[in-house]
1. Report yes if L20 is assigned to a strand (DSSP E or B) and in contact with an Asp or Glu (Cβ under 9 Å, 6 or more places away or on another chain), otherwise no.
2. Quick check on segment 47-61. Is at least one of its residues open to solvent by less than 40 Å² (accessible area, probe 1.4 Å), within 18 Å of V2 (Cβ to Cβ) and either part of a loop (DSSP other than H, G, I, E, B) or not hydrophobic (A, V, I, L, M, F, W, C) (or both)?
3. Out of segment 71-88, which residues are open to solvent by 40 Å² or more (accessible area, probe 1.4 Å) and farther than 14 Å from V111 by Cβ?
4. Return only the number of the condition from (1) touching a Phe, Trp or Tyr at 6+ places or on another chain (Cβ under 9 Å); (2) of a type in the set (V, I, T); (3) touching a residue at least 60 places away in the same chain (Cβ under 8 Å) that V12 does not satisfy.
Amino acid sequence: QVQLVESGGGLVQAGGSLRLSCAVSRINFSMLTIGWYRQAPGKSRELVAQITRDGGTNYADSVKGRFTISRNNAEQTAALQMNNLTPEDTAVYYCNAKWLYIDKWGQGTQVTVSS
């Protein structure tokens with residue numbers, strides 16, 4: 001059973017930074033497309049950033065220039081570096097892994113940005 005475990009969330013002031021990490025086990029990590037999603041209260045879950053197995057990335061317009069997604073195939077981890085955070089970034093952040101029929105989610109980590 002594929003497992004994804006997020007870490008790194010917390011409370012930060014506006015303008016601050018956080019780094020989220022997603023550890024993946026029980027699957028060949030290098031084949032996966034990894035996505036970071038977020039869900040704010042009362043809103044739908046949205047894609048924040050994605051990185052393919054070839055290293056291609058794409059970002060939501062709202063985070064371009066502030067967030068950076070990366071992956072380390074040897075360590076089977078993915079990260080989301082979040083800079084210049086704003087209160088609008090407050091949400092539960094989820095890691096997602098996709099490959100063929102596989103579509104797995106982590107448990108989520110809370111990010112709260114105070115003004």
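The values are calculated or read from the model by the stated rules, or taken from the named source; none is laboratory data. Because the structure is predicted, anything quoted here is derived from the model rather than measured. No Cβ is skipped: glycine too gets one built from the backbone with ideal geometry, and neighbour counts run over all protein chains shown. For the accessible areas, the whole protein counts, side chains as well, though only heavy atoms, and no ligand, DNA or RNA atoms are used. Shrake-Rupley method; radii C 1.70, N 1.55, O 1.52, S 1.80 Å.
1. yes
2. no
3. R71, N72, N73, A74, E75, Q76
4. All conditions are met except number (1).
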